[in-house]
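Taking it in order: structure first as structure tokens, then the write-up.
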Amino acid sequence: MSQADIANGEDNVVMRWARAWSAQDAPLFLSLFADDARYCDVALDKAFCGREAIKAFFEGTFTTFPDFKMEIRHSAVTADAAAGEWIMSGTFLGESFGEPPTGKSFRVQGCCFMRLVDGRIIEHRDYWNPATFDRQVNDASPAWSRSHVLAKH
């Protein structure tokens, strides 16, 4: 693959993915995925298979973090793969499976990798550091853990 085979810019699949997150645009988000796509949050050891499970994960995120945003720092896209470096941010304002919100904001750097088939995401993987998230939103309660906040979405 040559440098000419890599597409960068404002309107690639990674940028549209981030725009959908930041605008809470479920139809746009789901349009990026194949029907049998798999979305993996590697940091949380969670996988969501198929559009309905991906939609539930997407929408559940905004229950807990109503101001959730994704900001792309860098992206690269080829015919069969895409990658992006991003910063996710938001505020823990909604209850998450019995865990009360802390009202604290977070800003966490991460990256994603996507496998594409016919221009749609067939597999998506997010990589980020849960310890960074924990330090920013933890309310110091011994019962609190990111697994209660994020992993069940």
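Please go through the range 54-75 and give me each residue that is surrounded by 15 or more Cβ atoms within 10 Å (Cβ to Cβ) and small (G, A, S), ordered by number.
If the condition is that a residue be surrounded by 15 or more Cβ atoms within 10 Å (Cβ to Cβ) and small (G, A, S), then G60, S75 are the ones that fit.
Only one of (1) within 23 Å of D134 (Cβ to Cβ); (2) surrounded by 14 or more Cβ atoms within 10 Å (Cβ to Cβ); (3) out of contact with any strand residue (DSSP E or B) (no Cβ under 7 Å at 6 or more places or on another chain) is not met by D45, so which one is it?
If we test D45 against (1) within 23 Å of D134 (Cβ to Cβ); (2) surrounded by 14 or more Cβ atoms within 10 Å (Cβ to Cβ); (3) out of contact with any strand residue (DSSP E or B) (no Cβ under 7 Å at 6 or more places or on another chain), just (2) comes out false.
For the range 116-137, which residues satisfy the criterion of being of a type outside the set (K, R) and in a strand (DSSP E or B)?
Within the range 116-137, L116, V117, I121, I122, E123, H124, D126, Y127, W128 qualify.
Results for (1) at pLDDT below 95; (2) in contact with a helix residue (DSSP H, G or I) (Cβ under 9 Å, 6 or more places away or on another chain), shown as yes or no for each residue.
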position: M70; (1), (2): no, yes
position: R73; (1), (2): no, no
position: A81; (1), (2): no, no
position: I87; (1), (2): no, no
position: G90; (1), (2): no, yes
position: P100; (1), (2): yes, no
position: R107; (1), (2): no, yes
position: C112; (1), (2): no, yes
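Return yes when F92 is aromatic (F, W, Y) and buried (at least 19 other Cβ atoms within 10 Å of the Cβ) and no when it is not.
Here the answer is yes, as F92 does meet what is asked.
Can you report the number of residues in the range 61-112 which are in a loop (DSSP other than H, G, I, E, B) and of a type in the set (K, R)?
Going through the range 61-112 one residue at a time, the tally reaches 1.
Anything in the range 79-115 that is of a type in the set (V, I, T) and in contact with a strand residue (DSSP E or B) (Cβ under 7 Å, 6 or more places away or on another chain)? List them, or say none.
Result: I87, T91, V108.
Testing A23 on (1) small (G, A, S); (2) closer than 25 Å to V137 by Cβ; (3) loosely packed, with under 15 Cβ neighbours inside 10 Å; (4) modelled with pLDDT under 95, one condition comes back false. Which one is that?
Checking A23 against (1) small (G, A, S); (2) closer than 25 Å to V137 by Cβ; (3) loosely packed, with under 15 Cβ neighbours inside 10 Å; (4) modelled with pLDDT under 95, the one that fails is (4).
(1) touching a residue at least 12 places away in the same chain (Cβ under 8 Å); (2) farther than 22 Å from A23 by Cα; (3) not in a strand (DSSP E or B): which one isn't true of D36, the others all being true?
Only one criterion in (1) touching a residue at least 12 places away in the same chain (Cβ under 8 Å); (2) farther than 22 Å from A23 by Cα; (3) not in a strand (DSSP E or B) is unmet by D36, namely (3).
Within the range 118-136, can one find any residue that is within 19 Å of the chain's Cα centre (by Cα), β-branched (V, I, T) and at pLDDT 95 or above?
Yes, the range 118-136 contains a residue that is within 19 Å of the chain's Cα centre (by Cα), β-branched (V, I, T) and at pLDDT 95 or above.
The values are calculated or read from the model by the stated rules, or taken from the named source; none is laboratory data. Keep in mind that what you see is a predicted model, and the values were worked out from it rather than measured. Ideal geometry is used to build each Cβ from the backbone, glycine not excepted, and the neighbour counts take in all protein chains shown.
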